[in-house]
1. What's the number of the condition residue 73 fails, among (1) charged (D, E, K, R); (2) touching a Pro at 6+ places or on another chain (Cβ under 7 Å); (3) surrounded by fewer than 14 Cβ atoms within 10 Å (Cβ to Cβ)?
2. Of the residues in the range 47-56, how many are modelled with pLDDT of 85 or more, surrounded by fewer than 17 Cβ atoms within 10 Å (Cβ to Cβ) and either hydrophobic (A, V, I, L, M, F, W, C) or part of a loop (DSSP other than H, G, I, E, B) (or both)?
3. Mind checking which residues of the range 19-39 are of a type outside the set (Asp, Glu), exposed (fewer than 14 other Cβ atoms within 10 Å of the Cβ) and either in contact with a strand residue (DSSP E or B) (Cβ under 8 Å, 6 or more places away or on another chain) or under 19 Å from residue 89 (Cα atoms) (or both)?
Amino acid sequence: MTASRSAREKKAVSEAGPLARVKIDLDEHRKFVYKISCSQCVAKGNRNWSAYRPGDDNGFMAAMDRWIFHLREKHPETDAPCLAFLPEAQQRLHERREKHDADPGTRSAGDGS
């Protein structure tokens, strides 16, 4: 059984830690869209830094991976449950980069490029 949007959002909020703002919406195809933003960092256009990823579970993982990397880089003193998944996030990034290097014409969601 697929978890509801509110259940997914609650799980993401609990894992992302105190600096995160998590929002899960539905796109025009009624698929989940994951957005995790930082309550402290400002990006272009005076908006908070955020990771935005459409998709089912892969979208959640891609958004959470970007959030984990953001925390590690910009807020190394911050503790969040998701940081326990840093090795797995690094492995997924490594695999995406290897895949991209093998076929430069492809681009994977969440590869940071």
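1. (2)
2. 1
3. Once the filter is applied, which keeps residues that are of a type outside the set (Asp, Glu), exposed (fewer than 14 other Cβ atoms within 10 Å of the Cβ) and either in contact with a strand residue (DSSP E or B) (Cβ under 8 Å, 6 or more places away or on another chain) or under 19 Å from residue 89 (Cα atoms) (or both), the range 19-39 yields 21, 26, 31, 39.
One line per residue, one yes/no per condition, for (1) more than 25 Å from residue 4 (Cβ to Cβ); (2) in a loop (DSSP other than H, G, I, E, B); (3) modelled with pLDDT of 90 or more:
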residue	(1), (2), (3)
23	no, no, yes
29	no, yes, no
34	no, no, yes
38	yes, no, yes
45	yes, no, no
58	no, no, no
66	no, no, yes
72	yes, no, yes
78	yes, yes, yes
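The values are calculated or read from the model by the stated rules, or taken from the named source; none is laboratory data. Bear in mind that the values here come from a model prediction, so they are computed numbers and not experimental data. Ideal geometry is used to build each Cβ from the backbone, glycine not excepted, and the neighbour counts take in all protein chains shown.
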